[in-house]
1. Kindly state, to the nearest 0.05, the FRET efficiency for GLU445 paired with THR345, given R0 = 45 Å and r defined as their beta-carbon distance.
2. For ASP315 and ALA428 in the same chain, what is the full-extension length gain: residue separation times 0.36 nm, less their Cα-Cα distance, in nm?
3. Using helices alone, what [θ] at 222 nm do you get for the chain, with -39,500 (n - 2.57) per DSSP H run of 4 or more residues, divided over all residues and rounded to the nearest 500?
4. Which whole-Hz couplings ³J(HN,Hα) result when phi for each residue of region 189-194 is put into the Karplus expression 6.51 cos²θ - 1.76 cosθ + 1.60, θ = phi - 60°, listed in order with x for Gly and Pro?
5. For a quick check: with amide H placed at 1.01 Å from N, whose amide H comes under 5 Å from GLY294's, ignoring anything fewer than 5 positions away on the same chain?
6. Along the charge dipole of region 1-369, Cβ charges K/R +1 and D/E -1, which of ALA360, ALA70, TRP292 sits furthest on the positive end?
7. From the backbone phi of region 77-91, what are the Karplus-calculated ³J(HN,Hα) couplings (6.51 cos²θ - 1.76 cosθ + 1.60, θ = phi - 60°) in whole Hz, Gly and Pro given as x?
8. Non-local amide H neighbours of GLU399 (under 5 Å, H modeled in plane, Pro and chain starts lacking H): which ones?
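Only the coordinates and a few stated rules stand behind these numbers; no lab work does. Bear in mind that the values here come from a model prediction, so they are computed numbers and not experimental data. Because the Cβ atoms are built from the backbone with ideal geometry, glycine has one as well, and the counts that use them run over all protein chains shown.
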Amino acid sequence: MLLGSLDPYSVANGYDLPDAVRIGDDVLSRSDIVGAATSVAERIARADRVAVLARPTATTVLAIVGCLIAGVTVVPVPPDSGASELEHILRDSGAQAWLGEAPTGSSLPVVPVRVHARSWHVYPEPAPDSVAFVLYTSGTTGPPKGVLLSRRAIAAGLDALIQAWSWTAKDVLVHGLPLFHVHGLILGVLGPLRVGSPLIHTGTPTPKAYAEAAGTLYFGVPTVWSRIADDPAAASALRDARLLVSGSAPLPVPVFERLRELTGHAPVERYGMSETMITLSTRADGERRPGWVGTPVAGVETRLRDENGSAVPKDGESIGGLQIRGPMLFDGYLGRREATVESWTEDGWFKTGDVAAIDADDFHRIVGRESTDLIKSGGYRIGAGEVETALLGHPAVAEVAVVGLDDADLGQRVVAYVVLRESVSERALIDFVATGLSVHKRPREIRVRESLPRNAMGKVQKKLLD
Ligand code: MLC
Ligand code: AMP
């Protein structure tokens with residue numbers, strides 16, 4: 001079973017857990033989840049694909065588990081999505097209804113989730129090849145693409161992490177990450193439901209909330225860890241934890257060192273993507289090297305290739321494009337055959353788009369992205385192209401170039417260089433992106449220029465922007 005701890009027979013035979021999931025003001029026992037989510041499954045069993053407005057609530061957890069019980073594909077929708085991003089996700093995914101809450105103004109039907117409803121019908125386990133999620137993720141250009149994740153991939157991906165992190169039912173997982181990405185949703189909700197360890201979702205991932213949760217296993221993006229490292233009282237409250245895990249963006253070495261000093265734990269760093277789940281990690285029982293993301297997890301193979309496709313030596317110094325194979329990889333981008341084909345080599349390796357070095361012990365160091373047009377801010381993947389297109393939709397904007405600049409808190413912050421046709425405030429442009437795309441993709445800064453540096457072909461030379 002994908003969610004092994006929710007096996008209805010065991011739950012009925014005494015394997016209940018009173019606080020399986022704490023989220024917001026709600027506490028769900030294992031039998032609450034099985035009963036209410038099976039009731040959700042009964043309501044949607046005839047649908048193929050439904051959208052879930054993925055706020056961190058009990059409703060979202062029950063909606064998602066209900067779909068997994070019924071074998072219905074879930075399209076998790078960022079709750080801060082703006083109008084055009086929302087429209088794109090709904091049209092592109094072909095979602096037939098909202099399950100749970102719907103954003104205002106959407107014309108799709110809404111199927112409510114009733115937290116107190118119960119059904120004890122037992123559904124057969126859906127086929128392993130069936131698509132569990134369509135997760136929307138940004139590319140360098142164009143609107144986000146839908147990543148198809150099968151049940152088989154999720155099971156393999158979670159099992160590899162369970163092994164790497166010695167994750168057991170005795171752990172209590174704590175995090176406050178969003179429920180529409182691999183990190184917060186697949187690892188952070190399906191992980192504990194597969195393992196049988198309780199989950200405490202803190203809502204916003206503040207240092208204080210992490211300190212008060214008193215868990216054993218903590219997940220965070222580097223921005224969360226850097227804020228904890230700046231709060232010695234909160235950090236020292238994590239001394240009793242077993243494992244602190246960082247991922248979704250590079251963990252700065254000074255943050256790693258400060259966490260080790262304040263918490264007594266060297267954090268485990270792991271590397272992943274929406275398309276691949278988590279493929280590299282340091283181990284609960286192994287070396288944790290600052291600046292390095294560890295070795296391939298179970299079933300994963302990696303290699304480095306240069307621009308000509310030639311092998312790059314694994315000497316810890318030479319860098320190349322990181323390519324991956326493994327059982328937790330996605331099944332392609334929904335409706336984008338060409339983009340899917342382009343992301344694989346002819347001999348069957350997935351091209352991550354990241355540049356890495358690998359040493360003789362198979363330890364990996366992620367050096368950066370091949371394209372500067374894919375920005376990571378607070379752990380969110382943001383395409384420069386989608387923000388540029390959004391800004392060009394504003395009547396005052398004549399030209400635009402979007403980049404990710406180094407930021408002590410967010411890793412990178414989205415900065416837009418603009419040439420204006422008429423005067424407009426910085427705030428108005430930022431809000432324009434936040435209401436069109438999504439709040440987390442908004443530029444944090446607008447820099448107005450007379451012109452943008454372009455080459456002879458008219459292409460903006462982003463490296464010359466200042
Ligand atoms: C500010 N706000 C605005 C606004 N400006 N709202 C509307 N319009 C504007 N112009 C509000 C926001 O709504 C929010 O309100 C508040 O300001 C702060 O928002 P923020 O500035 O975006 O928050 P921030 O502090 O920057 O968030 C940091 C963070 C967040 C770390 C909490 O970036 C985060 O959750 N990151 C996680 C990303 C993640 O999970 N990535 C995983 C991808 S999977 P309010 O009231 O809502 O607080 C992956 C694979 C792998 O990468 O390897 O894991
Ligand atoms: P996403 O699709 O949002 O999961 O983003 C995936 C990208 O996040 C990867 O291609 C990397 O660029 C980046 N990433 C994830 N984990 C790490 C890490 N531990 N170190 C450096 N980059 C990371």
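1. E between GLU445 and THR345, to the nearest 0.05, is 0.75.
2. Working: separation 113, 0.36 × 113 = 40.68 nm, distance 4.95 nm.
Extra length available between ASP315 and ALA428 comes to 35.7 nm.
3. Details: 13 runs with 120 residues, N = 466.
Helix-only estimate at 222 nm: -7500 deg cm²/dmol.
4. 10, 5, x, x, 6, 7
5. For GLY294, the qualifying residues are HIS364.
6. ALA70
7. Karplus values, whole Hz, x for Gly and Pro: 10, x, x, 9, 4, x, 4, 6, 5, 4, 4, 4, 4, 5, 5.
8. Long-range HN contacts for GLU399: VAL419.
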